[in-house]
1. Of all helices (runs of 4 or more DSSP H) completely enclosed by the range 1-110, which ones contain at least 1 residues that are in contact (Cβ under 8 Å) with a residue 12 or more places away in the chain and among the aliphatic types (A, V, I, L, M)?
2. Of all residues in the range 95-126 being surrounded by 13 or more Cβ atoms within 10 Å (Cβ to Cβ) and of a type in the set (A, V, I, L, M, F, W, C), which is nearest to Cys49 (Cα to Cα)?
3. For the subset of the range 12-38 comprising residues that are at pLDDT 90 or above and hydroxyl-bearing (Ser, Thr, Tyr), which member is nearest to Ser84 (Cα to Cα)?
4. Taking the condition of being surrounded by fewer than 17 Cβ atoms within 10 Å (Cβ to Cβ) and not β-branched (Val, Ile, Thr), how many residues in the range 44-85 meet it?
5. Considering the range 1-40 alone, what residues qualify as being small (Gly, Ala, Ser) and loosely packed, with under 15 Cβ neighbours inside 10 Å?
Amino acid sequence: MARLLLVMIGGALGSGARYLLSDLVQRKSPPFVALSFPTGTFAVNMIGCLVFGIGIGLWKTGVIGDNWRLFLLAGICGGFTTFSAFSSDTLELIYVGREGLALLNAGMQVIVGLFVLWGGMVAVQRLS
C-alpha cells in the first residue's frame, strides 16, 4: 500500500507539472509555431525522457532505491508523460538485442494508438 501511495503522490505532482509546463511552453512559443505545432507536448515528452533516463541511471547505479524509483519513474514521470516509459521500454528492447521487437513496439504504439484514439472519437460522435 505504501508503494502505491508513492506512485499516486508522484503521479499527482507529475500531472500538475505537465499541465503547467505544457501550457507555459505553448503560450511562450512564437505564434507561427504555436498555431501549427504542439510545442508544449513536445517539450514535456522530451523533458520526461531526460528525467526518466536520469532516474534509470541513478537506480541502476544504486544511487536511489526501489521506493525512489517508483516515486520518480512510475509516479512523477508517469503523471508527467507516459512517452518516457514508452521510450525506455523501446530502448531496453534494443539493448537486449531485440531490435525487431523495438521497431514493432514503436510502430504499433504510434499507429495503433492513433487508430484507437480515432475509433474512440468516432464512437462518441456516432452515439451522440
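The values are calculated or read from the model by the stated rules, or taken from the named source; none is laboratory data. Quantities reported herein were computed from a predicted structural model and do not represent experimental measurements. Quick reminder, even Gly has a Cβ in these numbers, built from the backbone with ideal geometry, and neighbours come from all protein chains shown.
1. 2-28, 39-60, 83-95
2. Ala106
3. Among residues in the range 12-38 that are at pLDDT 90 or above and hydroxyl-bearing (Ser, Thr, Tyr), the one nearest to Ser84 (Cα to Cα) is Ser15.
4. 12
5. Once the filter is applied, which keeps residues that are small (Gly, Ala, Ser) and loosely packed, with under 15 Cβ neighbours inside 10 Å, the range 1-40 yields Ala2, Ala12, Gly16, Ser36.
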